[in-house]
Amino acid sequence: MKRKQNNCSIGGRIHQYLSLIALIISVSVISLYQSQANADDFETTITNAKGQTVYFNAWGGSPAINQYIAWVGQRMADEYDITLTHVKLSATSDAVSRILAEKTSGKLTGGSVDLIWINGENFAAMKSYGLLQSDDWAYHLPSFIYTDADLLPGIKTDFGIPTDGQEAPWGRAQLVFGYDTAYVNTPPRSADQLAQWIIANPGRFSYPKPPDFTGVSFLKQILLETSPNPHMFLEPADQTDQNMALATLWKWLDQTHPYMRKAGRHFPANYTAMIQMLGDGELAIAFAFNPTEFSNGIAQGILPNTIRSYVHDSGTLGNVHFVAIPFNANSTAAAKVVANFLLSPEAQLHKANSDIWGDPTVLAMHKLPPDTQYAFAALPKGVATLNEGDLGKTLPEFHPSWVSVIEQQWAKRYIGQ
C-alpha cells in the first residue's frame, strides 16, 4: 500500500509539474502574441507618422543633451521621415502652462507641443488637469518590453503617482556628490557629516537656489536623512503636519547656512552654476543628478582632474524621467515613434555613453540580447564615474505635493538673508 501511495504521490507531482509547464508555455505564447500584436499595430503608427513634425519640448540647458536630441532628430529623419524640432525650455513648467492655456481657450487639437520631457510635479499637474493622452499608449510601445517594473518600480510610477501608461520612461537619475581631492581628503558621507564639514570649511559649500530642481532635490536628501519618519514624504503633504515634517530640515540649514558660501545669503542660480563654482575652486563639494556629471565636466575642461564622485552611506535620492504626449498634440503618431525610439536599446545605449550624455538606462539588462548587454557593460566610464554597484541605495522620491511646500517655506525663511 505504501508503494502505491508513493506512486500516486509521484504521479500527482508529475501532473502538477506538467500543468505548471503548460501554464508557463501558454503565458509565454500569450506574451509573444501580445508583443507581436503591439509590433503589428505600431507599423500602422509608423506609416501614419511619415512626414509629420514633432515639437519636442525639453530642457535646453545642457550642450550634451542638446546634441543627443539632435542625433535623435537625425535618426528620425533618416529612418522614419519625421522632423524632430527641439523646443528648448528653461523650465518644463513653461510648456505645461502653455498646454493648460490651450485647453482653457478650447484648442483641443493642433496643439503647440507634441512631446514633452517631464516627471514629478509637472506630470502630476498635467495628469490632474487632463492634459495628457488618456490611453495607456506607453505600455504598447514595442520598446517597452525591455523594461522591468519589478526591478525598477519607477517605470510605472512617477514620484509615487501611477503613470497609467500616459508617459514613457526615458532615463534614470540619482543624486551623486562630487568633491575636489585637492582640498578634501575624506568626503562626508551623511547629512550630519556634511554639516560638520561645512562648519569646519566656511564658504566652500552651497546649493542651487530653490525652486531649481537640483536645489530642491538636495533639500529632500537632507530631509530623508534627518527625518525620524521619512516615509511620510511618500504621501500627500496635506496628510501630515507639515511644520513638524520639515523641522529637521530647518534645523540643519539654520546650523549650516552661516558657514556656506556668502554666509548662506546668496546661492548658485542652478546646478550648472554650482558645477562651475566647483571647477573654479570656489566650492570644494557639489552634487548633480547624473552619475556621470563630474566625469563629463572633466572631459569638457569645466572641472579639474582632481574631482571624484561619492554617495552618502544611507543612499541618495533617485527617480525616473519620462516623455509624455499632450492631449491635443498635432502629431500624435510621430510622437509615439519618437518615444519608442528613445526607449529602444539603440538610443538608450547611445545615451548611456558618458562621451555622449551618460544618462543611466531604464532598460532591464536581463531582457536584452547578450550582445546588447555586453555593449552596455563595455561603455566607457570617466575617471570620476562610480561603478553601478558603488552608487549604493536609491532613496524614493517625495510625493509631488511636497515640492511647493518646501519651496514656499524655504523662501519665507531664507530669501533676503
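Which lysines have a Cα less than 21 Å from the Cα of LYS50, not counting those fewer than 8 places away in the same chain?
Candidates past the 8-residue exclusion: LYS336.
Given a Förster radius of 35 Å and the C-beta distance between ASN48 and GLU388 as r, what FRET efficiency does 1/(1 + (r/R0)^6) yield to the nearest 0.05?
About 0.35, to the nearest 0.05.
Could you order the peptides 241-254, 289-302, 194-207 from most to least packed, using the average number of other C-beta atoms within 10 Å per residue?
289-302, 194-207, 241-254
May I ask which of LYS367/LYS393; LYS220/LYS251; LYS127/LYS209; LYS103/LYS156; LYS209/LYS393; LYS88/LYS412 have a Cα-Cα span longer than 20 Å here?
Violating the 20 Å limit, Cα to Cα: LYS367/LYS393; LYS127/LYS209; LYS103/LYS156; LYS209/LYS393; LYS88/LYS412.
Would you please put 73-84, 215-226 in order of how densely packed they are, using the mean number of other Cβ atoms within 10 angstrom per residue and starting with the highest?
Taking the mean over residues of other Cβ atoms within 10 Å, the ranking is 215-226, 73-84.
For the range 62-208, with only Lys/Arg (+1) and Asp/Glu (-1) charged at the beta-carbon, what is the dipole magnitude about the Cα centre, in debye rounded to 20?
Its charge dipole is roughly 500 debye.
Taking a temperature of 37 °C and a viscosity of 0.692 mPa s, what whole-number D in µm²/s does Stokes-Einstein yield for the range 331-385 with Rh from Kirkwood over alpha carbon pairs?
271
Under the rule of at least 5 residues apart or a separate chain, name every residue whose amide H is placed under 5 Å from the amide H of GLU167.
ALA138
Could I have the simple spin-label model distance between LYS88 and THR181, label points 7 Å from Cα toward Cβ, reported in nm to one decimal?
3.4
What spacing in nm lies between the two simple spin-label points modelled at SER404 and GLU79, each 7 Å away from Cα in the Cβ direction?
According to this spin-label approximation, the distance is 4.0 nm.
Using the Cα centre of the chain as the reference point, and only Cβ charges (+1 on K/R, -1 on D/E), how large is the resulting charge dipole? Debye, rounded to the nearest 20.
Roughly 760 debye, rounded to the nearest 20.
With unit charges on the beta carbons (Lys and Arg positive, Asp and Glu negative) and the dipole taken about the Cα centre of the range 44-188, which residue among TYR55, GLY106, ALA91 sits farthest to the positive side?
Value: GLY106.
What ranking, highest mean first, results for peptides 361-367, 408-414, 320-326 when packing means the other Cβ atoms within 10 Å averaged over each residue?
Per-residue mean Cβ counts within 10 Å order the peptides as 320-326, 361-367, 408-414.
Determine the dipole magnitude for the range 152-254: charges of +1 sit on the beta-carbon of Lys and Arg, -1 on that of Asp and Glu, nothing else is charged, the reference point is the Cα centre, and the result goes in debye to the nearest 20.
380
Cut-off 10 angstrom, C-alpha nodes, Gaussian network model of the chain. Which of TRP71, TRP170, TRP117 fluctuates the most?
Greatest mean-square fluctuation among the candidates belongs to TRP71.
For GLN300 and HIS231, calculate 0.36 nm times their separation in residues minus their Cα-Cα distance, and state this gained length in nm to one decimal.
Gain on stretching GLN300 to HIS231: 20.9 nm.
Between beta-carbons, use under 12 Å as the cut-off and find the net charge around HIS366, counting Lys and Arg +1, Asp and Glu -1.
Cβ neighbours under 12 Å give a net charge of -1.
Can you give the local net charge around LYS262? Use residues other than it whose beta-carbon is closer than 12 angstrom to its beta-carbon, Lys and Arg +1, Asp and Glu -1.
+3
For LEU108 and GLN373 in one chain, what is 0.36 nm times their gap in residues minus the Cα-Cα distance, to one decimal in nm?
91.1 nm
We did not get these values from a lab; they are worked out from the coordinates using the rules stated. Keep in mind it's a predicted model, so treat the numbers as computed, not measured. Note that we place each Cβ from the backbone using ideal geometry, even for glycine, and neighbour counts take in every protein chain shown.
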